[in-house]
1. Relative to 2.2 N^0.38 Å, what does the C-alpha radius of gyration of segment 1-77 come to as a ratio? Two decimals please.
2. Divide the volume of the convex hull of the Cα atoms of segment 22-161 by its number of residues and quote the answer in cubic angstrom per residue.
3. Helix by helix, which DSSP H runs in the chain go 27 Å or more along their axis at the Cα atoms and have an average Kyte-Doolittle hydropathy of -0.5 or more?
4. Is the shape of segment 308-358 rounded, prolate or oblate, going by the alpha carbon gyration tensor and its root eigenvalues a ≥ b ≥ c, with a/c under 1.5 for rounded and a/b larger than b/c for prolate?
5. Please arrange W105, W460, W374 by how many other C-beta atoms lie within 10 Å of their C-beta, fewest to most.
6. Would you mind counting up the charge near P237? Only other residues with Cβ under 11 Å from its Cβ, with Lys and Arg at +1 and Asp and Glu at -1.
7. Cross-link candidates for K129: which lysines have Cα within less than 26 Å, leaving aside residues fewer than 8 places away along the same chain?
8. If you look at just the Cα atoms of the chain, how large are its Rg and its Dmax in Å?
Amino acid sequence: MVMEYVSTRDGSVRVSAAQAIVQGISKEGGLFVPVQIPKVSLEFIDNLRALPYAGRALRVLSPYLPEFSQDELSGILSSAYQGFDVPEVAPLVGTRDGVFMLELWHGPTLAFKDVALQLMPRLLTACAKKVGERRQILILVATSGDTGKAALEGFADVPGTAICVFYPEAGVSQAQRLQMVTQQGGNTHVIAVQGNFDDAQTGVKHIFADSAFAKALDERGIVLSSANSINLGRLLPQIVYYFSAYADLLERGEISLGDPIDVCVPTGNFGNILAAYYAKEMGLPIRRLVCASNANHVLSDFLSTGVYDRNRPFHLTTSPSMDILISSNLERLLHALCGAEAVVSMMDGLKNTGKYALPPEAAEKLRSLMHGGWADEAQVQAQIRQTFNSTGYLLDPHTAVAEHVLRAYQNQEQDPGPAVVASTASPYKFGRAVLTAIQENQAPEDEFACCERLSELSHWPLPGAIMELPKKPVLHARACAVPDMRRALTEELGL
Ligand SMILES: *Cc1c(COP(=O)(O)O)cnc(C)c1O
């Protein structure tokens, strides 16, 4: 069977993996999904035990990427994960009986997006060659903090690419800003926007839609592209670590081949949990997917009622990467549940009225697949404290949301089996929030001082990637007003 991808909004749009990755999104606005999700056997899973992470990735990703030879993919994979600070890449750490943290934050920016963004630029440039794209690819990113840095690290000095990240000047944390403005790499560009995240995102969308600008870039041999989480090249690498976690559980004798596990994921744009769904559809024995939300619990409401309704207040929380009211990747699951026609009408509903409803049978199917729950800010703090006091383990606020929701879920289940929690950020990335949760005294304002105190309390080593930041030279000082983003980009690139 030839592996093909289809648009979630038009069944007649079919593309290869390479086209899907280069294009990012389908012309009519749909996302690319595999026409058929490849299936694997239990023996396939058992054989992963003996392999290092890159080897596991090669096995899991090969069927999705038929245009790559084994040698080519294997070369890309072994270099992609060199920047991780542990050889396992995504280690599994037991915290309480039958519950394991899948630590996805050992990459250069200390959050799970590195797992995809260290690989995706290499896939993208290889795919561009395969589809005959010879222009330089200029990646534009608007970021609320984490994605920008992960994308900069991923694309830095990747031949044939350049990247420009726009961030809201007053909307990112001290550590996040320093992470971006000290970024090295001859092809990296960072611009502060005098506005909020929405302003930056809207500005980037305008640049993408500016055909005169596209023509001017084309004359200089440049084409624009994006690296956001709806790109297939970001989704596929995330499937791997669920297989890897299962192989580790087998290897340690925690489970026997075929035993089902639950998987709990702190969810924002629905990319990470969708990857777990793909793993399950491929044949990984996952019993239930547990979708954890913070105070912006549009998804957990959707799972219990079948109605998606974004008309609600937006809450700023200590888990900012989950502060999302439109989870873009959910569209891929909707497509699997009800097909393209229904997706088109649901997405119209979302655009026009901010809501849509699943047909009752699909809602039922979804409920058997996925459980949703959420945690408020007090519950997140209490969870960080409780886990630290009982086990010495530090949860970041995103992972704490997941642990809280998993506990509630396990309490209501008769016989909860083993469970894996996607641990999506290092606690040091959110040092102030974590310290506030575990100590009585008021935490210092300075993020770095908080991290130092946290390390004294926990004896967890301080990551160099954070503590070196104040000493690094600032390499990107450009700032612009919202209406001037395109001009600032032109000047920045020297066009
Ligand atoms: C992006 C992010 C999430 C949310 O992941 P989605 O794939 O968008 O659901 C959760 N936690 C952290 C730390 C993140 O950076």
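1. 1.25
2. Considering the Cα atoms of segment 22-161, their hull volume per residue is 162 Å³.
3. Within the chain the helices that satisfy the rule are 232-251.
4. oblate
5. Placing the least packed residue first, the sequence is W460, W374, W105.
6. +2
7. Excluding near neighbours in sequence, the set is K27, K113, K149, K205, K215.
8. Cα only, the chain: 21.6, 64 Å (Rg, Dmax).
Throughout, read-outs are computed from the coordinates displayed, never taken from laboratory work. This one's a predicted model, so the numbers in the text were calculated from it and none came from an experiment. Positions of Cβ are generated from backbone atoms using ideal geometry, with glycine treated the same way; all protein chains shown enter the neighbour counts.
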